[in-house]
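Data block below; observations after.
Every number here is computed from the coordinates shown, using simple stated rules; none is lab data. These figures come from a predicted structure and were not determined experimentally. A quick note on method: Cβ atoms are made from the backbone with ideal geometry, for glycine too, and the neighbour counts reach across all protein chains shown.
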Amino acid sequence: MAKSKKRESINILFDKLYVKSNGAKVIEFSNTELKSITQDTKFMNQFDATKYDSSIKLPERLQKYGYFIVHLGEGNHAFVRGEGYHRFEQLSDKRVVSVGKSLIDEAGKSEAGAASFLYNEKILQDFLGTEEVKVHTARRTKFSYAFNVNGNELYAKNQQIEIDGIFETNDNSIIIGIEAKNVEYLDFEIRQLFDIMKYFEMLKEKKAIPLAVKIRILFVVRLHSEQKDIVRIFEYKFKDKNDLNSIKFVRGTEYIAKHSGNSTLN
C-alpha cells in the first residue's frame, strides 16, 4: 500500500488524540488504536506505519505541531513534542579507497550488508585506526529501560531493536555498534542510535560485559553505484546515558570507494 496511506492513518489518529489530550506533550497510543484507523484507510501494517527514518518523512500533522513517534515496546508508542531527529554534520575528512568485487554484496544491498562491506573492505578498520577487529552477526533483541526525551520520562518495555553491525577489538576493550542506511536524508531518528547504546549499557549493568569496555556508536550511510560507493561514517555519543536528546557528534569521515579487482586503502 502506498506510503501516503500510512501517513494518512497517523494523521487521523494524531488529530483524534491531540484533541482528546488537550495538546499534551506526550500522547501515548497503541497498535490497537492505530488498527481501528488503518482498517478504515485499508493500510494494515501498524508496525510500519509508526516508522519514519527522517523527519521529512513524518506525516504532515506531526510536522505541523512539532511531534515525532517514540516506540515504547509491546505494541505501544507515543507522539512526543520536541526534537527526535538529528541533522547530519558536513564531513570535511574525505578519503578515496579502492574496493574489490563481492558477489554477495552485489546480489543485495541490505543495511546489515552495508556494515559487512565496511569490514570486508577494511574501511571500518581505517576509521577505527586498528586492523585488530572481530565481527559479529547483526542482532535483533528485546529489553526494557527508562529514559528521558525532551524533558519527559518514558519507559520502553520489551522494546525490540535491531543492530545492523556489531564489532569488537581483539583486545576486548572496545565494542562498536552500527546503524546503517542505504539512502540519503538530511537527518536521522536519534532513537536508532540511542537504543544501541542502551542495549550495551544494559549488558554492562548485568555484568555480561565489563564496565571498562568502551562503547562506540556509528551511523553509516552507504550510497551505491556501478562505479563507486560513497560511504559516510558518523560517530556519536550520548553525554547523558538516560537522555535521548544528549546526542553529541564525535567525528566522521567520508570514503569514496572506487570499484576495482582488489581491496586496498590509499
Taking the stretch 147-266 and dividing mean pair separation by its residue count, relative contact order in percent (alpha carbons under 8 Å, at least six apart): 23
Summed side-chain charge close to Asn148 - residues other than Asn148 whose Cβ falls under 11 Å, Lys, Arg +1, Asp, Glu -1: -2
Segment Ile256-Ala208, extension gain: residue separation times 0.36 nm, minus the distance between their alpha carbons: 13.5 nm
Projected label distance in nm at Arg95 and Leu186, using a 7 Å step from Cα toward the beta-carbon: 3.0
Protection proxy ranking, peptides 199-211, 10-22, average beta carbon neighbours within 10 Å, highest first: 10-22, 199-211
Magnitude of the charge dipole, the stretch 3-82, Cβ model with Lys/Arg +1 and Asp/Glu -1, debye to 20: 220
Highest to lowest packing among 132-144, 154-166, scored as the average C-beta count within 10 Å: 154-166, 132-144
Mean Cα-pair separation over length for the chain, i.e. relative contact order, pairs under 8 Å, 6 or more apart, %: 20
FRET E, pair Leu223, Asn148, Förster distance 41 Å, beta-carbon r, rounded to 0.05: 0.75
Rounded if a/c under 1.5, otherwise prolate or oblate - the stretch 3-82, Cα gyration tensor axes: rounded
For the stretch 141-157 and the stretch 182-223, distance of Cα centres in Å: 15
Charge context of Glu132, other residues only, Cβ under 11 angstrom, K/R +1, D/E -1: -2
Isotropic mean projected area of the C-alpha convex hull, the stretch 110-209 (nm²): 7.6
Dipole of the chain, positive direction: furthest Cα of Tyr85, Ala138, Ile175, with charges on the beta-carbon: Tyr85
